[in-house]
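Below: the structure, in structure tokens.
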């Protein structure tokens, strides 16, 4: 009876150690995955004058750093780029023989995605805080932003957020803003 308890006791400790090891590995792998693209993100942030933490937060929300991610509407890669957004970047930067699938490449995706994000931010410079407008545009599209940005909400981001009738887009903005603060 004493041997059985001792053996059972050691098996419990061994199981506990295995669980702890798995948790540590899971945490380590998640952090490694997030750091894998830091230099590309830093370069894109510098090139396009977009905050590093914001780019990283968008990648986190869009794909959780999975370069092979595919969205329901055909968005692909780290920053979940639609075909039109990817071609906008390619045309602006003189990339010939460009195909939408090229944005599976992390460098191409981050550059094109940051360019697109920058263009959304510049579109709303008239507002007191362009970020909610830009993120709503990135997530839901310009048509919805224009519908929510009526009258005073055109320049007042608090009113804009109140007018937003897509809870998913509101959550999207909140999550990215929180994650940006985390990466800062």
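Structure notes:
- Flag set for residue 136, criterion: crowded, with 21+ Cβ neighbours inside 10 Å and either more than 15 Å from residue 50 (Cα to Cα) or in the same structural domain as residue 58 (by TED's automatic domain parsing) (or both).
- Which listed residue is at pLDDT 95 or above, under 20 Å from residue 137 (Cα atoms) and under 13 Å from the mean Cα position of the chain (by Cα), from 41, 55: 55
- Qualifying position, being surrounded by fewer than 18 Cβ atoms within 10 Å (Cβ to Cβ) and either in a helix (DSSP H, G or I) or touching a residue at least 60 places away in the same chain (Cβ under 8 Å) (or both), among 87, 98: 87
The values are calculated or read from the model by the stated rules, or taken from the named source; none is laboratory data. It should be emphasised that the depicted structure is a prediction, and the values quoted were computed from it without experimental measurement. Cβ atoms come from the backbone with ideal geometry, glycine included; neighbour counts cover every protein chain shown.
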